[in-house]
Amino acid sequence: MKHGAWHQFGDRSQKLALEQLQHGAGVGVIISPRDLALDKAMEYAPKYKDAGGDVLYDPQFYVPGALLGKLGTYPTATHRKTVSELHKISDDDLSDLADKLRQISHDLGVAGIVAPAVVYEAGRPDIDGLNQRLFAAAESAGKSLRLPVYATVVLGRSITTSDHTTDSAVSSATALDADGWYFAFEFSVDRVPGSEPDVLRCCRTGLRLAATGKPVLHAYAGPLALLSAGFGATGVGIGHSHKVWQFTRERWEEGTAQGGGADAPARYFSNALWGTIIHPDETVQLPPALKAEVLTSSPFTSPWNRWQANKHFVHVICSKVDKLYKTATAREAVEAAIDVLSHAVALHTNIADNLHITLKDDTASYQAAWQDAMNKLLSNYSDDYDYLEML
Amino acid sequence: MPYIVPIGDAQAQFPDYSFVKALTPSEHKAAFHVRDGDGRDLCLKLIAPNYSVDRLNREIQALQNIDHPNVVVLVEYTYSSKHQQQRHYIIEQFVEGDDLTARLTGQPWSRTKVASFFAALASGLEALRRAKVVHRDLKPNNIRVRHDDAPVIIDFGLARHLDLPDITKTAEGAAIGTPAYFAPEQFGGTKHDIEHRTDLFAFGVLLYEALIGQHPFFRPSRTWAELVRAVCQSDAHFTADSFVQLPKQWRLLVRKLLARQRADRPRTAGQVAAIINKIGAV
């Protein structure tokens, strides 16, 4: 698995990802069958590779019965069933699923196979068993194509709210004989996770996965990508759309589509604030020196509009992630992330307390919590960092 | 009660072999050091008539696909029933030497010796992992030590092949094996929690014993409840002077192996072997 930022597809990502790769941002793409039809995926996959990017295909069995969006265009759609029906999947059907995964993976020229898996839930050992069987299908496809197989470890909200349930789920998931982990953590529905214990738990889970010595792709990371290298992730999935800034299963549930916010102003993602600011409505209020610091440049800031704002966001995060991956160790990456957050907190404090400017969207609400979480990760789980360095 | 067969009776049943001596029997197996017509030293195990055929089949399945210098080699398994007479036996490679029990004398080993012995033992455990076999009863009695000090894992009577249904009678239980070497999930988990990292916990107990000269949890005076508490709740074994004085890398490895959560243990014995080789004799 390549180190660095992977373009996590949401709606209308295919061209944006290609453009970013051509600008040197990102190391690969993660194709979303919900958002891109198979024929289009096959059309674009060679282009990504020509632009130097690897391709992964996320089969998205999170809500396994879902058939919304473009999911029906993939042959694996015949196996999309509710969890209770999927439990009854026969060995023959599992073998058919393996064949279809192999065919899609071959056609897209993927660099590894992301195993199908439903979201892990608390008190559901049956899901552990189901995911083992689904993993076996991916393993069979991987063996025939001689590709690494990454187990999907997506922890649902029923798990992520407590250490005990997280411990148990991670123990089960890591019993799989995987070549790596495709990991996502379902937070509460905040736009950006802001609870220190939850962020710590997420990063601690990532650290445990990394301590297996196998690569970890932190999927649906969004701005949280700042922390991924610090918990030992190899790759991090970044999508332009707010809807993939974190994992929420609602994306795969009929009738729960999030609103588009078509009239919302363009948010400018600032490296210095590690958050968004409305440009120019809010940035115009800042003193020139601060404004210059806040307005992180990228090739996508002119002309300025909502679509450019998406491209800018991806580019800024990819650039930062690249820098973090150039640090020697996970421990150094945490320290670098803490520096970014500490500076962001100071800037936000300055803007709010000295300049009396209140930014919209609670954009200053999470940096301090993340900083605390990272400090705790480093001090409470020092053994894990030492162990990572011993591997 | 061990299953005892007089050596003369055994010799009469197996005239093709010369019987060198009787080995320590287990509850269901009488074991002998024998020599075949080609002069090969072997271990012949006669199976007690009441022993579960399913359990024995599991032992055979566990062993037949493994070819590793640190895992005992299965030579032959025969089950026949003639004239209402059952012949039920296993022939394994005979491992000259003694049990690890004889080497764990209460004195710490040199770290050079620890490194070479436990790297080899981890390598044997990795062979089991690759064959999807969980031993479930890794303990000093089940590790033979050759004259050249190399370990050999023996006795797969409680092993589980992860691709085969578990025949454990306690339908939900995980408490199979030897409690002094139990991982926390063997005290309080279900059989679904028993996997390769369960063996790694027992490996961690053995490593601790070799490094420190003392078992981390078991004391003759401890009750069952105290043992459970020591394994599942206490960190006292990590505060013992002799443990604290170990080099940091060894302490870290032992702490990881003895982690209560499976997710916090090393993922594979192969990883452990690589780490021990890196640490070396530090």
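The values are calculated or read from the model by the stated rules, or taken from the named source; none is laboratory data. What you are looking at is a predicted structure, and each value in this text was computed from that prediction instead of being measured. Note: ideal-geometry Cβ built from the backbone for every residue, glycine included; neighbour counts use all protein chains shown.
Considering A:182, A:150, the condition of being among the aromatic types (Phe, Trp, Tyr), out of contact with any helix residue (DSSP H, G or I) (no Cβ under 9 Å at 6 or more places or on another chain) and modelled with pLDDT of 95 or more is satisfied by A:182 alone. Summed over the range A:356-380, the residues that are more than 15 Å from residue A:273 (Cα to Cα) and at pLDDT below 95 give a count of 1. Contact annotation: residue pairs with Cβ atoms under 7 Å, 6 or more positions apart or on different chains, pairing a residue in the range B:124-143 that is on the phi > 0 side of the Ramachandran plot with a partner that is surrounded by 19 or more Cβ atoms within 10 Å (Cβ to Cβ) and among the basic types (Lys, Arg), are B:136/B:160.
For residue B:205, are the conditions met, namely being among the β-branched types (Val, Ile, Thr) and modelled with pLDDT of 95 or more?
yes
Please specify each residue of the range A:232-247 satisfying the condition of being outside any strand (DSSP E or B) and either within 14 Å of chain B (Cβ to nearest Cβ) or among the aliphatic types (A, V, I, L, M) (or both). Selection gives A:232, A:233, A:244.
Considering the range A:156-178 alone, what residues qualify as being within 12 Å of chain B (Cβ to nearest Cβ) and aliphatic (A, V, I, L, M)? Selection gives A:169, A:170, A:173, A:175, A:176, A:178. With the condition kept exactly as written, say whether any residue in the range A:192-211 is over 25 Å from residue A:239 (Cβ atoms), crowded, with 21+ Cβ neighbours inside 10 Å, within 14 Å of chain B (Cβ to nearest Cβ) and in contact with a helix residue (DSSP H, G or I) (Cβ under 8 Å, 6 or more places away or on another chain). Looking for residues that are over 25 Å from residue A:239 (Cβ atoms), crowded, with 21+ Cβ neighbours inside 10 Å, within 14 Å of chain B (Cβ to nearest Cβ) and in contact with a helix residue (DSSP H, G or I) (Cβ under 8 Å, 6 or more places away or on another chain), one finds at least one in the range A:192-211, hence yes. Taking residues in the range B:253-281 that are more than 20 Å from residue B:135 (Cβ to Cβ) and within 11 Å of chain A (Cβ to nearest Cβ), and partners anywhere that are among the basic types (Lys, Arg) and buried (at least 20 other Cβ atoms within 10 Å of the Cβ), the pairs with Cβ atoms closer than 6 Å and at least 6 places apart or on different chains are B:263/A:208.
For (1) assigned to a loop (DSSP other than H, G, I, E, B); (2) β-branched (Val, Ile, Thr), each residue gets a yes or a no:
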site: A:171; (1), (2): no, no
site: A:189; (1), (2): yes, yes
site: A:194; (1), (2): yes, no
site: A:197; (1), (2): no, no
site: A:207; (1), (2): no, no
site: A:224; (1), (2): no, no
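Scanning the range B:16-32 for residues that are of a type outside the set (Val, Ile, Thr) and not in a strand (DSSP E or B), we see that the one that is nearest to the chain's Cα centre (by Cα) is B:26. Scanning the range A:155-169 for residues that are farther than 16 Å from residue A:204 by Cβ and either in contact (Cβ under 8 Å) with a residue 40 or more places away in the chain or not in a helix (DSSP H, G or I) (or both) yields one hit, A:156. Residues in the range B:117-152 that are polar (S, T, N, Q) and closer than 19 Å to residue B:61 by Cβ: B:142 only.
When A:26, A:52 are screened for being part of a loop (DSSP other than H, G, I, E, B), out of contact with any Lys or Arg (no Cβ under 8 Å at 6 or more places or on another chain) and crowded, with 24+ Cβ neighbours inside 10 Å, only A:26 passes.
Filtered by the rule that a residue be in contact (Cβ under 8 Å) with a residue 40 or more places away in the chain and among the small types (Gly, Ala, Ser), the range A:33-50 gives A:41, A:45.
Residues are listed down the side, and each one gets a yes or a no for (1) at pLDDT below 95; (2) hydrophobic (A, V, I, L, M, F, W, C); (3) in contact with a Lys or Arg (Cβ under 8 Å, 6 or more places away or on another chain):
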site	(1), (2), (3)
B:225	yes, yes, no
B:266	no, no, yes
B:270	no, no, yes
B:282	yes, yes, yes
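In this entry, residue A:182 passes the filter for residues that are among the aromatic types (Phe, Trp, Tyr), touching a Ser or Thr at 6+ places or on another chain (Cβ under 8 Å) and away from chain B (no Cβ under 14 Å).
Of all residues in the range A:86-134, those that are in a loop (DSSP other than H, G, I, E, B), touching a residue at least 60 places away in the same chain (Cβ under 8 Å) and within 19 Å of residue A:249 (Cα to Cα) total 2.
Quick one: would you say residue B:212 is touching a residue at least 12 places away in the same chain (Cβ under 8 Å), within 21 Å of the chain's Cα centre (by Cα) and within 11 Å of chain A (Cβ to nearest Cβ)? No, not satisfied.
Table: residues versus (1) surrounded by fewer than 18 Cβ atoms within 10 Å (Cβ to Cβ); (2) touching an Asp or Glu at 6+ places or on another chain (Cβ under 9 Å); (3) in a helix (DSSP H, G or I).
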residue: B:185; (1), (2), (3): no, yes, yes
residue: B:192; (1), (2), (3): yes, yes, yes
residue: B:197; (1), (2), (3): no, yes, yes
residue: B:203; (1), (2), (3): no, no, yes
residue: B:221; (1), (2), (3): yes, no, no
residue: B:231; (1), (2), (3): no, no, yes
residue: B:246; (1), (2), (3): no, no, no
residue: B:276; (1), (2), (3): no, no, yes
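The set of residues from the range B:224-252 being within 24 Å of the chain's Cα centre (by Cα) and touching a residue at least 40 places away in the same chain (Cβ under 8 Å) comprises B:224, B:227, B:228, B:231, B:232, B:250. Screening residue B:180 on (1) modelled with pLDDT under 95; (2) within 13 Å of another protein chain (Cβ to nearest Cβ) shows it passes everything except condition (2).
Condition check: outside the structural domain of residue A:358 (by TED's automatic domain parsing) and either among the charged types (D, E, K, R) or assigned to a loop (DSSP other than H, G, I, E, B) (or both). Does residue A:300 satisfy that? In short, no. Scanning the range A:86-126 for residues that are β-branched (Val, Ile, Thr) and at pLDDT below 95 gives a single hit, A:89.
One line per residue, one yes/no per condition, for (1) crowded, with 19+ Cβ neighbours inside 10 Å; (2) in a loop (DSSP other than H, G, I, E, B):
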residue: B:57; (1), (2): no, no
residue: B:62; (1), (2): yes, no
residue: B:67; (1), (2): no, yes
residue: B:78; (1), (2): no, no
residue: B:92; (1), (2): yes, no
residue: B:108; (1), (2): no, yes
residue: B:112; (1), (2): no, no
residue: B:115; (1), (2): yes, no
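Which one of A:4, A:53 is touching a strand residue (DSSP E or B) at 6+ places or on another chain (Cβ under 7 Å) and on the phi > 0 side of the Ramachandran plot? The match here is A:4. In the set A:236, A:244, only one residue is at pLDDT 95 or above and either aromatic (Phe, Trp, Tyr) or crowded, with 21+ Cβ neighbours inside 10 Å (or both); that residue is A:236.
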